[in-house]
1. Given the pairs Lys144/Lys527; Lys111/Lys408; Lys193/Lys527, which are separated by over 26 angstrom at their Cα positions?
2. Mind listing P(r) for the range 369-490? All alpha-carbon pairs, 5 Å bins, whole percents.
3. Sort 482-492, 147-157, 230-240 by the packing proxy (mean of other Cβ within 10 Å over each peptide's residues), most packed first.
4. Place a +1 charge on the Cβ of each Lys and Arg in the chain and a -1 charge on the Cβ of each Asp and Glu, then give the dipole magnitude about the Cα centre in debye, rounded to the nearest 20.
5. Which peptide among 357-366, 69-78 comes first, and what is the full order, when sorted by highest mean count of other Cβ atoms within 10 Å?
6. Quick check: Cα centre of the range 164-206 to Cα centre of the range 229-272, how many Å?
7. Using the alpha carbon gyration tensor of the range 438-536, what are the three equivalent-ellipsoid semi-axes (square root of 5 times each eigenvalue), largest first, in whole Å?
8. Would you kindly work out the equivalent ellipsoid of the range 105-191 from its C-alpha gyration tensor and give its semi-axes, the square roots of five times the eigenvalues, largest first in whole Å?
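What follows is calculated from the coordinates using simple rules that are stated; it is not laboratory data. These numbers were taken from a predicted model, which means no experiment stands behind them. All Cβ positions, glycine included, derive from the backbone under ideal geometry; neighbour counts span all protein chains shown.
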Amino acid sequence: MDGLMMDRPLLISSLIEFGARYHSKSEIVSRSVEGPIHRYSMAEANYRSKQLAQALTRLGVGKGERIATIAWNGYRHFELYFGVSGMGAVCHTINPRLFHEQIVYVINHAKDKYVFIDLTFVPLLEALAAHLPNVAGYVIMTEKEHMPETKLDNALCYEELLASENGDYTWPEFAEHTASSLCYTSGTTGNPKGVLYSHRSTVLHTFAVCAAGGAGPNTRSRYLSLVPMFHVNAWGLPYGCAMTGAKLVLPGPSYQGDAIFDLMDAEKVDKAAGVPTLWMLLLSEMQKRGRKPEGFETLVVGGSAFPASMIEAYEDKFGVNVHHAWGMTELSPIGTIGTLLPSMDVLSKEERRAIKTTQGRAVFGVEKKIVDQENNRLPEDGNAFGELLVRGLWTASSYYNDPEATAKSFTEDGWFRTGDVVTLDENGIMNVVDRSKDVIKSAGEWISSIDLENAAMGHPAIREAAVIGMPHPKWDERPLLVAVPAQGESAPTLDEVKEFLADKVAKWWLPDDLIILNELPYTATGKVSKLNLREQLKGYSFPGV
Ligand code: ADP
């Protein structure tokens, strides 16, 4: 027997429509590419998103067509999120830090019809345009007076497009399974893979973002998204702010520690989300100024592991509560969020800190299991580790037009292989041991590069650390520690680091060698690129081996 409830579609436009109606004065504050701070209300954002939908219609964009963005976090990008998806087209956000060949690949693979770009990226597109035969035009996201001289054919001005429309537009209604946005994973090997989100998956994910035990936006939050809007929809925060009416603060192109600090201070940001490297930058700035930005209470971190030493600095020295989250492009991205259960209140500070360094707890909507190499399910006892498989309400079911990559990562019985090796426990707490390709295989046993890195980063003279497995004739692989010294500190020796690590990791985990670098290579999504590091260290062999 079916229930007798209405079957209303879950649509992204309903988020901004609701926001504009019931949180009409909620602010969206952006540092603009042109320089000044821009602020306006949710009602104005909805109005302009509708003008954008009208302009796209006038340009001949139809349902299901792909519209690309190459843009920083700003209000016009926010309008694209709602205007493009809201009219039934697909908003394809592109990471400008991808290699040029990858940008060409994703635009051609997605068959993007128009590409919307911030002023910063005009030279980039001028260089690539000859390789983009399907693009009908480039929309430069600025006013008429800032329009640059450009070699781009068919360059249009964003503000001029909007100015020709009256905003008198009703968001269309369509099936909730309709595609809404597209994001390619950077992919360390091979071509990027497209994840095609739907309206349904996005709205359900938005509920999860807002229900995330203190970490998500709520009506009273002033939320800074350092997470780029060109990567996994900024972890869903723009949608969450429309749903809840939280003030949304967007950093534009300015990601330096002092710029982040000043923006947070001025806007009294209480919650902020970003990747670990940005929190390192902000922490140095806070240490320099001897205080945190006024009102800063909650930090959400994900994308790569966050060492205990960083959590300690934020929580103990500055009173900022840390939520460690884990996710993936294929999961929209949320898979776990760190929150402490009431039963954990009785634990010692060290025990609670240890829980906080894990990647957090299960969220409703994402099912998980861990399996060994023969695909046998492993116990969820906090000890057994294996590859994590997931399925859920906002998990991809395949890659966009990529049967080969799909066959590798999606099982026939409906699970997605994450490539992460993890432990799970009875409370749903997940600890990422490693990416399966980074785990170090020493004499048949596994060493977690992440655990070693986290422990090494606790050393006062080490700012950043990466551990990679290097070939060893006797043990198969052994850990090599690559470290960047902390500012003003001289580089530690291998023996000093080993002594520091002695009571933190098993003896056979201790690194066999230490290499000091001035900086580590990063991927397009701000993670240490072990691929590049391996490339850089090609030909290396352990001393005396
Ligand atoms: P994102 O860059 O948003 O994290 P990607 O899809 O590019 O999304 O990368 C996902 C991968 O990043 C995961 O499979 C995992 O290996 C790693 N990752 C994400 N969050 C964490 C975390 N909190 N700790 C450790 N690794 C993480």
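1. Lys144/Lys527
2. Using 5 Å bins, I get a P(r) of 2, 10, 15, 16, 16, 14, 12, 8, 3, 1, 0 for the range 369-490.
3. Highest to lowest by the protection proxy: 230-240, 482-492, 147-157.
4. About 560 debye.
5. Those peptides, ordered most packed to least, come out 69-78, 357-366.
6. 21 Å
7. Computed over the range 438-536, the values are 20, 17, 11 Å.
8. Calculated on Cα positions only, the semi-axes equal 24, 23, 11 Å.
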